[in-house]
Amino acid sequence: MAKLIDLSTDTVTQPSQEMRRFMASAPVGDLQKGEDPTVNKLEEMVADLLGKEAAVYLPSGTMCNQIAFRVHTKPSDEVIMHEESHPAHLEGGAIASLCQLMIYPVKGDRGTFTAETLRAAIRPNDVLYPRSRVVFIENTHNLCGGTIWPLDQLKTVCEEAKRNGIALHLDGSRLFNACMATGVNPRDYCSSFDSCMIALTKGLGAPVGSVLAGSKEFITEALRWRRAFGGAMRQAGIIAAAGIYALTHNIDRLCEDHANASRLACGLSEIPAIRIDPSHVQTNIVVYDIANTGLLPDEFMSRLMEFGVRMSSYRGTTVRAVTHLDVDREDIDVAVNAVKSVLMPSH
Ligand SMILES: *Cc1c(COP(=O)(O)O)cnc(C)c1O
């Protein structure tokens, strides 16, 4: 049987031989004493890339978001976010259990929202209400299909938050996808935010870790919560090295993932039973609807697996396919043909 073409998500990548060699030779030390030179270097690299004073390497993106919330808030405060945001659906409810926060979910075009929507969501200063304390923004937006926040819209939303004394946190798990697609510098996307995080394990292809960045003061507090949440490691340079390798070698190539996602979307749009708007595919995530195929997502995906192609379904009749550095253009053509074979057997 041919190799599996795994489009279920972009976290399935295998570290390359070069990345593994780089990891094996990384100098390490006790991170909690500030003595791991590789972790220190990764943190400096990310702080510099994002235009922040300091950064901290953490085991996961979820921990980055939760530590940021914990630093910016007190229990019972409220975080305003798009209704399809990652912490609302995919962080195991940690925003309630670890941070004791409320979510104020807002609607908006594919993961974005406007300054007017934000204004309407901000609570009056009255004991009746929780305090509006953080605005959370995802760029690109995961569950809405890899959408990029337009920079001018992002700025007006951030200005509205600042006018109201509300902290801003950026979930940049796929920030470099947005940067490569638009040419916007990561610093320009991050400049209005009090804290920002990036994932090393998505399109960048590292096996472990995310990095949270902000002011020196913010990071000092974050280190306390890193310890409390159990995220303070020891000789973590061995895994942080993969992050340095990924930032050095795997950012520019994200354009290939975007071209492959577009190619996939165009191929799928030729299949009558599939509902998709290829113009909505801005980065590496392709979401499409199979309601008209008469198949349930589980049936459809197990039929696809017979052709060695894996996709995923998050909700309802939508299917999600994500491109990454372990799939190439030929794999995309195989995937499109597999979908045609399942849905149009005589094609
Ligand atoms: C993957 C992801 C996270 C969390 O990352 P983990 O490392 O899986 O905890 C957070 N936000 C978004 C938008 C993500 O896609």
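The values are calculated or read from the model by the stated rules, or taken from the named source; none is laboratory data. Just so you know, these numbers come straight off a predicted model, no measurement behind them. Here Cβ is always computed from backbone atoms with ideal geometry, including for glycine, and neighbour counts include all displayed protein chains. Just so you know, the surface numbers come from the protein's heavy atoms only, side chains and all, with ligands and any DNA or RNA stripped out. Shrake-Rupley method; radii C 1.70, N 1.55, O 1.52, S 1.80 Å.
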Practice task
Using a 1.4 angstrom probe on the protein heavy atoms only, line up H280, H324 by accessible area, largest first.
Solution key: H280, H324
Exercise for the section: For the stretch 1-132, give the percent of accessible area contributed by carbon and sulfur heavy atoms, probe 1.4 Å, rounded to a whole number. Expected result: 52
Problem - Dipole magnitude (debye, nearest 20) for the stretch 253-343, charges at Cβ of Lys, Arg, Asp, Glu - result: 200
Handout entry: Accessible surface, per residue, of the stretch 253-343 when the full set of protein chains is kept, probe 1.4 Å, Å²
Key = 43
Completion exercise
So the carbon and sulfur contribution to the accessible area of the stretch 253-343, 1.4 Å probe, in percent, is 49
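To the nearest µm²/s, what D does Stokes-Einstein give for the stretch 101-140 at 20 °C and 1.002 mPa s, using the Kirkwood radius over alpha carbon pairs as Rh?
After rounding, the answer is 188 µm²/s.
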Handout entry: Helix runs (DSSP H) in the chain reaching 15 Å along axis by Cα, Kyte-Doolittle at least -0.5
Key = 37-50, 61-72, 237-249, 254-269, 329-343
Exercise for the section: Could you pull the accessible area for S16 with a 1.4 Å probe, rounded to 10 Å²? Expected result: 40
Practice task
On the full set of protein chains, 1.4 Å probe, figure out the accessible area of I238 and give it in Å² to the nearest 10.
Solution key: 80
Problem - Per residue solvent-accessible surface (Å²) - the stretch 17-249, probe of 1.4 Å - result: 41
Handout entry: For the chain, with +1 on Lys and Arg beta carbons and -1 on Asp and Glu, the positive-most of Y57, L223, F193 along the dipole
Key = L223
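Rank these by accessible area, largest first, 1.4 Å probe: V28, V46.
V28, V46
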Handout entry: Neighbour-limited loop hits for trypsin sites (Lys or Arg not before Pro), the stretch 67-120 (at most 12 other Cβ within 10 Å; DSSP other than H, G, I, E, B)
Key = K107
Problem - Volume in Å³ per residue [convex hull over Cα atoms, computed for the stretch 17-249] - result: 112
Completion exercise
Measuring from its Cα centre, the stretch 17-249 shows a charge dipole (+1 at each Lys and Arg Cβ, -1 at each Asp and Glu Cβ) which, in debye to the nearest 20, is 340
Practice task
May I ask which of K107/K340; K74/K155; K3/K41 have a Cα-Cα span longer than 29 Å here?
Solution key: K107/K340; K3/K41
